[in-house]
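Novice: Handing you this structure, nothing more for now.
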Amino acid sequence: MIWYPYQQMKTMRAPYEIVDAEGVFLYTRDQKLIDSVSSWWSVIHGYKHPALNEAIISQVNRFSHVMLGGLTHAPVQRLSQKLEEFLPGDLDCCFFSDSGSVAVEVALKMALQYYMNRGERQRTMILALEHAYHGDTFKTMEAGDDEDYHFVLNAYGSSQHVVHIPTDTGALEQAFSRYHERLNCLLVEPLLQGAGGMRMYDLSFLKRARELCDQYGVLLIFDEVATGFGRTGNRFVADLVLPDILVLGKALTGGYIGHAATVASRKVFAGFYDDDPCHALMHGPTFMGNALACSVALKSIELFENQDYMSKIHRIEKVTRREMAGFSHPSVKEVRIMGGCVCVEVFDPASLNGYQQFAYEHGVFSRPFLNCMYAMVPYVITEAELIQVLDTMKAWFSR
Ligand SMILES: *Cc1c(COP(=O)(O)O)cnc(C)c1O
């Protein structure tokens, strides 16, 4: 049997079975659904995209995968070259892996070893945000701040190596002045904290973070697994404030195949580049640099650039703001909009019980969590389809 994610198997309702998918639509046997969550925020070009399909199929006909240990190939070379050009600043050194969680693990391992290689052995502490989510593996659970994982902390005792602060400049400054000698890195989901509840915060926090990291020699890591490729209305938040390490996942392959990248600056890379074999980065997922993933990621980035996706995202934000203007309800705490993300936060999560089925009946696939009803639509959505998604969200409260 299938053990489904994030669900009590005993009480979960049966998942919808998808038999086909095209553009923004998922098809069950009897319903056509707009995927308002882009399959966990990844399917930015929609399903069954002809150019993405073609990129994979032509690579399948050469080879699907070869290991990156001792071997290399054109798709991974072209993708790293493309990312080097596409990403801001000197974020030039791409370490590939198969999922966002692993890519964050790699970033944390990189940051730790960076200081160990320099002999700064006291720098082991991670500064992270309250409500952070960085993945489901052990170190990312520890860096995250998700109540669902607190059983881990209960089992092992509270972490000596991670401190969580709110997205408040005062708290940031305090943490730096208190811990700076031990601080290894500041790890954040920049501007938009996704799985922690679609929380949005101000750029000034990140600007101050960059200054403090520079002042105290601490590495700044942006986990843009969710925010990368336009979701916040910026290509990358890294375009606005440059981190030392950038993590990409989810939309990297247009949602076709799990793949992720931990992209280091030249400075971080230089901390490993040495005659000493002990200074090498000891990591190597079996499927890193998978040729199908790299081929489709390359095509995905080409589409993003050539078809002016940023203007599509700005249009989504504009329509969303227009349609949600003036919307309120006694059970709604706040409506938040940023780029291609809209969240209706309710006071009581119970007021969202039944929404998923309601949305299904209105031709929308949605998956509320915590006290958030949200949409992160594929960027290829039409205005009419987007309005259908937003109308469905609003209709739930006036039924
Ligand atoms: C989804 C997500 C991850 C984990 O990525 P997986 O591919 O699911 O392992 C990490 N960080 C952020 C911010 C995410 O949204």
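Where a number appears in this text, it was derived from the coordinates with a stated rule and is not lab data. All values reported here derive from a predicted model rather than from experimental measurement. As a convention, Cβ positions derive from the backbone with ideal geometry for all residues, glycine included, and neighbour counts pool all protein chains shown.
Novice: Looking at this structure, is Thr227 within 12 Å of the ligand (Cβ to nearest atom) and more than 12 Å from the chain's Cα centre (by Cα)? Give the steps one after another, and end with the answer.
Specialist: Values: within 12 Å of the ligand (Cβ to nearest atom): yes; more than 12 Å from the chain's Cα centre (by Cα): no.
Here the answer is no, as Thr227 does not meet what is asked.
Novice: Another question, then. Taking the range 224-254 only, how many residues are touching a residue at least 60 places away in the same chain (Cβ under 8 Å), under 25 Å from Tyr47 (Cβ atoms) and charged (D, E, K, R)?
Specialist: Looking only at that region, the number is 3.
Novice: Right, another one. Can you tell me how many residues in the range 362-386 are touching a residue at least 40 places away in the same chain (Cβ under 8 Å) and more than 25 Å from the chain's Cα centre (by Cα)?
Specialist: Within the range 362-386, residues that are touching a residue at least 40 places away in the same chain (Cβ under 8 Å) and more than 25 Å from the chain's Cα centre (by Cα) number 1.
Novice: Specify the residue that is surrounded by the most Cβ atoms within 10 Å (Cβ to Cβ); the eligible residues are those in the range 338-354 that are under 17 Å from the mean Cα position of the chain (by Cα) and farther than 10 Å from Pro368 by Cα. Reasoning before the result, please.
Specialist: Step one: filter the range 338-354 for residues under 17 Å from the mean Cα position of the chain (by Cα), giving 338-343.
Those left that are additionally farther than 10 Å from Pro368 by Cα: 338-342.
Working: Met338: 19, Gly339: 22, Gly340: 28, Cys341: 26, Val342: 26.
For the range 338-354, the residue satisfying everything is Gly340.
Novice: Still on this model: Pull up the range 175-207, narrow it to residues that are in a loop (DSSP other than H, G, I, E, B) and charged (D, E, K, R), then point me to the one that is nearest to the ligand (Cβ to nearest atom).
Specialist: Our first condition is that a residue be in a loop (DSSP other than H, G, I, E, B); within the range 175-207, this holds for 180-182, 189-191, 194-198, 201-202.
Retained after the next criterion (residues that are charged (D, E, K, R)): 181-182, 189, 202.
Details: Glu181: 28, Arg182: 24, Glu189: 5, Asp202: 18 Å.
In this case the residue turns out to be Glu189.
Novice: Further, regarding this structure: For Leu26, are the conditions met, namely being on the phi < 0 side of the Ramachandran plot and touching an Asp or Glu at 6+ places or on another chain (Cβ under 9 Å)?
Specialist: Values: on the phi < 0 side of the Ramachandran plot: yes; touching an Asp or Glu at 6+ places or on another chain (Cβ under 9 Å): yes.
Yes: the conditions hold for Leu26.
Novice: Name the single residue, out of those in the range 210-224 being in contact with a Phe, Trp or Tyr (Cβ under 9 Å, 6 or more places away or on another chain) and aliphatic (A, V, I, L, M), that is nearest to the ligand (Cβ to nearest atom).
Specialist: Here the residue is Leu219.
Novice: Further, regarding this structure: Which of the following residues is within 16 Å of the ligand (Cβ to nearest atom), under 28 Å from Tyr133 (Cβ atoms) and among the small types (Gly, Ala, Ser): Ser97, Ser80, Ser36?
Specialist: One residue alone meets the criteria, Ser97.
Novice: Considering only residues that are closer than 30 Å to Ile44 by Cα and part of a loop (DSSP other than H, G, I, E, B), which ones fall in the range 255-276?
Specialist: From the range 255-276, those closer than 30 Å to Ile44 by Cα are 255-266; that's our starting set.
Once the filter is applied, which keeps residues that are closer than 30 Å to Ile44 by Cα and part of a loop (DSSP other than H, G, I, E, B), the range 255-276 yields Gly255, Tyr256, Ile257, Gly258, His259.
Novice: Taking into account only those residues within the range 102-142 that are in a helix (DSSP H, G or I) and acidic (Asp, Glu), which is farthest from the ligand (Cβ to nearest atom)? Let's see the steps before the verdict.
Specialist: The first filter runs over the range 102-142 and keeps only residues in a helix (DSSP H, G or I), leaving 102-117, 138-142.
Then drop every residue that is not acidic (Asp, Glu), which leaves 105, 142.
Numbers: Glu105: 9, Glu142: 13 Å.
In this case the residue turns out to be Glu142.
Novice: Let me ask something else. Among Ile301, Ile257, Ile245, which is within 17 Å of the chain's Cα centre (by Cα) and more than 16 Å from the ligand (Cβ to nearest atom)?
Specialist: Values: Ile257 fails: more than 16 Å from the ligand (Cβ to nearest atom); Ile245 fails: more than 16 Å from the ligand (Cβ to nearest atom).
Going through Ile301, Ile257, Ile245 in turn, the sole match is Ile301.
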